[in-house]
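Structure first, then comments.
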Amino acid sequence: MPTLRARNTAALLAAILLASCARNPAVTTASPTVPLRLPAVLASSAEALPPGAPGFARADVQSAVKAPGQGNVSRAMVIQLTQDIHVFRLWSGPEKKDANGRTNRIGSWWTYDPPRGAVDQYRVDYEICRAWNDLSWVATCTLRKGTIVAIGPGNSVSAETCGDSTGKEHYPANEQHWQLYVYRAFERIGPDKELDCPDESRDYEADPRDLARPLPRTRPTP
């Protein structure tokens, strides 16, 4: 039978845990061993695939899931779409290009929830380091019926992974905000392929106070 001291210690630990959850309502303490379930928002447009199902390997879960502190997702399930869905990706805009002259408009990581809220909160919700993405523009594309992808809750990101030598920028794992992983997205994009994206002129520059709102477009000087 536990001693009075042991019971008091257990009660104190429980109180600390509850206070922590109250301060961080977006971060859950669900056990990583609890099986993932298909999100309600996808219930009518996707089905879960078990390991070994035809096409399961196309999702490449091994690439999607990483160890704590390394980003991506902490665990994943594989789904196949039963109808087309819209997917969303924030990117750094047409003016920011890499050494090969490419933007970061197309990549492996997307959401099935439309972006909204302040950009700083979005960065926390989806564990996106500042060095990775400016999160200033929004692209809306269509993921076609039959596509097989991985989805799961966002993984934690350490300051080292963010490349922040000060140790200030880091993000906790988040069980509420799931991400969608399109393996080899560059090979799967096109009007007759799995990922159909309109011309980037259809994208919008987002208001950093609310990503759901486009900033007013400036007219070009005559």
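Just so it is clear, none of the values below were taken in a lab; they were calculated from the coordinates. Since we're looking at a predicted model, the values are computed, not measured. Because the Cβ atoms are built from the backbone with ideal geometry, glycine has one as well, and the counts that use them run over all protein chains shown.
Here the label points at N100 and D196, each 7 Å from Cα along the C-beta direction, are separated by 2.7 nm in the simple model.
Listed by Cβ neighbour count within 10 Å, with the fewest neighbours leading, H177, H86 appear as H86, H177.
Out of all DSSP beta bridges in segment 38-214, what portion is antiparallel? Express it as a percent rounded to 5. Mind showing how you got there, number by number?
Working: 32 of 34 bridges.
The answer is about 95 percent antiparallel.
Report relative contact order for segment 38-214 in percent, whole number only (criteria: Cα-Cα under 8 Å, sequence separation at least 6). The partial results should precede the final answer.
Details: 383 pairs, mean separation 48.8, N = 177.
Reported relative contact order: 28 percent.
Each residue in V182, V65 was given a count of other beta-carbon atoms within 10 angstrom of its own, and listing them fewest first yields V65, V182.
In whole percent, what relative contact order does segment 113-199 give with Cα contacts below 8 Å and a gap of six or more residues?
Working: 106 pairs, mean separation 28.6, N = 87.
Here the relative contact order equals 33 percent.
Using alpha carbons only, how many angstrom separate the centre of segment 143-222 from the centre of segment 39-97? Here the answer is 12 Å between Cα centres. Can you work out the FRET efficiency for the pair S158 and R184, with r the C-beta to C-beta distance and R0 = 25 Å, to the nearest 0.05? Computed FRET efficiency for S158 and R184 comes out at 0.40.
Can you give the FRET efficiency for D207 and R37, using 1/(1 + (r/R0)^6), R0 = 41 Å, r = Cβ-Cβ distance, to the nearest 0.05?
Details: r = 34 Å, r/R0 = 0.82.
The formula returns an efficiency of 0.75 here.
Just rank T82, T111, T142, fewest to most, by other beta-carbon atoms within 10 angstrom. Working shown, then result.
Details: T82 13, T111 19, T142 16.
Least crowded to most crowded, the residues run T82, T142, T111.
Could you give me the percent of Cα pairs per 5 Å distance bin for segment 124-217, shortest bin first, beginning at zero and ending with the bin that holds the maximum distance? Distribution as computed: 3, 12, 15, 18, 20, 19, 11, 3, 1, 0 percent. Our estimate of slack between R116 and T166, defined as 0.36 nm per intervening residue step minus the Cα-Cα distance, is 15.1 nm.
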